[in-house]
Amino acid sequence: MKHEDLLRVCLQNLLRRKSRTILTVLGVLIGCCSIVIMVSLGIGMKESQEKLLSELGDLTIITVTAPQKGHGKKKLDDKLLKEIRALDGVEGVTPKLGFDAYTCRLLAGPGNRYVADWSMLAGLDTAQMDKMGYQLTDGTYPAAPGEVAVGQYFAYNFRDTLRPEGANTINRWDSGMDEDGRLLPPPDAYFDPLKQPLTLEVTGADGSTFTVPLKAVGAVKEDNAKGYETSDGVMMSVADLQALLKRAANGRSTPNSTPAYDSVLVKVSGIKQVDPVETAIKNLGYSTESMESIRKPMEKEARQKQMMLGGLGAISLIVAALGITNTMIMSISERTKEIGVMKSLGCYVYDIRVLFLAEAGAIGFIGGVIGSVISFLISLVINLVSLGFAPENFLPAMLGAEGISRVSVIPPWLYLFALVFSVFIGLGSGYYPANKAVQIPALEAIKSE
């Protein structure tokens with residue numbers, strides 16, 4: 001039997017009992033929708049969790065610290081940096097130094113009008129900032145001695161000395177929220193730190209003070225995974241901070257000399273690389289911290305819920321499979337004489353089997369296609385109910401957008417899986433009726449009414 005003849009006979013048989021075919025396709029359609037929507041809810045839950053974690057900081061950052069706070073044999077030194085850079089999956093490594101042992105304040109503006117009584121200083125390998133994933137909101141990365149980068153909200157640390165007490169600072173949290181509960185952009189600060197020279201005033205170990213001019217060349221986006229200095233601190237080169245520490249110590253033992261660095265930040269190429277790289281660093285004898293300890297349990301829980309929801313949807317499709325089996329058995333009982341005639345005319349047993357399997361597969365395919373389309377519409381409605389039925393929300397509801405979490409997320413592979421699974425269910429359900437059809441003797445089939 002030619003392929004075009006097979007297709008024509010298949011469609012004729014499906015249209016012979018339209019009501020029964022429509023009801024069977026409806027069962028597959030409902031099952032397909034159940035699987036797609038249930039799994040999409042699980043994927044949406046996982047996407048929301050990842051966005052929640054990403055708001056806490058870069059998920060691919062590992063913080064390395066020395067055991068026993070650096071008083072043991074393991075030190076955070078240049079040798080360790082070289083070993084970590086050699087690990088597979090590592091994109092960037094930077095040492096990190098702090099200035100917590102000394103008191104400092106920052107001055108800015110004409111006549112040092114603006115004063116920050118406290119600020120966090122951090123020494124980094126500024127040449128690695130781009131590889132480490134530090135994002136600039138303005139300016140460039142520090143490159144020359146004396147150049148620094150400041151945190152996104154650094155300017156809000158300053159008070160205006162010419163204003164009365166209680167009205168001399170700007171609270172960046174005073175901006176309020178919009179109708180959707182999102183925080184509005186903060187009010188303007190007193191000055192732009194990238195356009196004003198900065199002066200660092202340090203109180204040394206002997207109580208004397210000295211000043212150091214700083215030039216802010218870039219503002220870094222807040223990322224708590226890399227450190228709170230990205231919010232309201234100052235980031236400079238390790239060499240510059242080591243020089244400050246030495247000068248502040250006034251010849252005394254530098255608190256940060258042992259270990260060589262306070263910590264080491266490691267950026268890996270992707271989330272899947274965090275666990276193996278972290279394990280490798282631990283095997284070297286160092287302590288590590290990352291978002292992986294939070295992300296993995298949440299991912300496991302989301303996967304379990306996704307499997308549970310998908311299983312519930314699959315039950316509906318399996319019930320639909322019983323409907324296909326029943327339809328095909330009924331079709332065989334009605335077409336017994338037709339089967340006998342086909343055999344008498346020399347039709348191969350293979351062709352008869354393929355004919356019934358094609359009808360069952362067609363029912364699954366039609367139900368899968370319509371079910372996928374309806375699933376898309378249901379998912380769109382669910383997301384619009386969550387985001388609001390505004391014209392500007394239609395595209396984010398379908399494709400997603402930064403800062404927006406969708407309740408239902410249907411990736412392209414899920415449509416393909418639903419369609420293939422529906423066809424597979426149809427073929428599986430039609431296998432027994434097809435075998436039953438080819439086993440009917442030709443003479444007995446012709447005699448039947």
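The values are calculated or read from the model by the stated rules, or taken from the named source; none is laboratory data. What you are looking at is a predicted structure, and each value in this text was computed from that prediction instead of being measured. Heads up, the Cβs are rebuilt from the backbone with ideal geometry, glycines too, and the neighbour counts pull from every protein chain shown.
Here are a few things to note about the model shown:
- For segment 193-238, residues that are of a type in the set (A, V, I, L, M, F, W, C) and over 36 Å from the mean Cα position of the chain (by Cα) total 7.
- Residues of segment 110-124 that turn out to be out of contact with any Asp or Glu (no Cβ under 6 Å at 6 or more places or on another chain), part of a loop (DSSP other than H, G, I, E, B) and surrounded by 20 or more Cβ atoms within 10 Å (Cβ to Cβ), as a count: 1
- Residue check for Ile332: at pLDDT 80 or above, under 30 Å from Thr21 (Cβ atoms) and either among the hydrophobic types (A, V, I, L, M, F, W, C) or surrounded by 14 or more Cβ atoms within 10 Å (Cβ to Cβ) (or both): no
- Segment 191-202, residues that are touching a helix residue (DSSP H, G or I) at 6+ places or on another chain (Cβ under 8 Å) and polar (S, T, N, Q): Thr199
- So Tyr190, is it among the aromatic types (Phe, Trp, Tyr) and over 33 Å from the mean Cα position of the chain (by Cα): yes
- Conditions (1) among the β-branched types (Val, Ile, Thr); (2) under 20 Å from Arg20 (Cα atoms); (3) under 28 Å from the mean Cα position of the chain (by Cα): number failed by Ile324: (3)
- Residue satisfying condition, being out of contact with any Asp or Glu (no Cβ under 9 Å at 6 or more places or on another chain), surrounded by fewer than 16 Cβ atoms within 10 Å (Cβ to Cβ) and farther than 24 Å from Leu136 by Cα, within set Ser208, Ser175: Ser208
- Restricting segment 1-34 to residues that are charged (D, E, K, R) and assigned to a helix (DSSP H, G or I), the residue that is modelled with the lowest pLDDT: Asp5
- Among the residues of segment 396-422, those identified as part of a helix (DSSP H, G or I), crowded, with 21+ Cβ neighbours inside 10 Å and at pLDDT 85 or above are Ala418, Ser422.
Rundown of residues vs (1) assigned by TED's automatic domain parsing to the domain that holds Glu278; (2) part of a loop (DSSP other than H, G, I, E, B); (3) buried (at least 20 other Cβ atoms within 10 Å of the Cβ), yes/no style:
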{"residue": "Pro142", "(1), (2), (3)": "no, yes, yes"}
{"residue": "Ala155", "(1), (2), (3)": "no, no, yes"}
{"residue": "Glu165", "(1), (2), (3)": "no, yes, no"}
{"residue": "Lys195", "(1), (2), (3)": "no, yes, no"}
{"residue": "Thr199", "(1), (2), (3)": "no, no, no"}
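- Qualifying residue in segment 68-82 (condition: farther than 15 Å from Ile281 by Cα and in a strand (DSSP E or B)): no
- Filter result for Val349 (in contact (Cβ under 8 Å) with a residue 40 or more places away in the chain and exposed (fewer than 15 other Cβ atoms within 10 Å of the Cβ)): yes
- The listed residue being within 23 Å of the chain's Cα centre (by Cα), at pLDDT 85 or above, surrounded by 15 or more Cβ atoms within 10 Å (Cβ to Cβ) and not in a loop (DSSP other than H, G, I, E, B), out of Ser386, Ser379: Ser379
- Residue check, Ala167 among the small types (Gly, Ala, Ser) and touching a Leu at 6+ places or on another chain (Cβ under 9 Å): no
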